[in-house]
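Q: Mind having a look at this structure? Questions to follow.
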Amino acid sequence: MDKDKALVAFQDKKIRRIWYSQEWFYSVIDIVEVLTDSPTPRQYWGKVKDREFIALELSPIWVQLKLAAEDGKLRFTDCVNTKNAFRLVQSIPSKKAEPFKQWLAQLATKAGTTVVIANGRKNDILTKILNNECIGTIFIPNVQNV
């Protein structure tokens, strides 16, 4: 395996990733599968994409990069960087969302990316930052509470 491509595992499920433009990009389909346990994660992602981005005419948070498919061939796959992986997690209702965000933050810090995960109101977020209870520069607020 090339050093710029790697598999990582969250709760024994593999997530494909690739080093691109000086940061890691993760397979959206793999993240959806981990969070939802859906038998059809590609269709699930299609519905989320339509509902959360296309219907609202928001800019896409994903790029298409070539990742190895199950058959070993490289295929274009929707991928998100670390910051947008957090946004993706927020758009999918899942009991695994919080553990996944913590796991992703650990991966990001190992790669040298700094992350702030702040759930709560603005004052709570500022308190966490001032008390040095956050990890750095990617700021991911919980959109529903901010």
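Q: How far, in nm, would the chain grow between LEU7 and ARG42 when pulled straight, counting 0.36 nm per residue and subtracting the alpha carbon separation?
A: Full extension of this stretch gives 10.7 nm more.
Q: Just name one of LEU35, LEU74, TRP62: the one whose Cα is farthest towards the positive end of the charge dipole of region 1-75 (beta-carbon charges, Lys/Arg +1, Asp/Glu -1).
A: So the residue we want is LEU74.
Q: Quick one: which residues, 5+ away or cross-chain, put their amide H under 5 Å from the amide H of LYS66? H built at 1.01 Å from N.
A: Those lying under 5 Å, H to H, from LYS66 are THR77.
Q: Let me ask another. Bins of 5 Å, beginning at zero and ending with the bin holding the largest distance: percent of Cα pairs per bin for region 5-94, please.
A: Pairs per bin, as whole percents: 3, 14, 25, 29, 19, 9, 2, 0.
Every read-out reported here was derived from the displayed coordinates using simple, explicitly stated rules and does not represent laboratory data. Just so we're clear, the structure is a prediction, and the values are computed from it rather than from any experiment. Cβ sites come from the backbone with ideal geometry, for glycine too, and all protein chains shown count toward neighbours.
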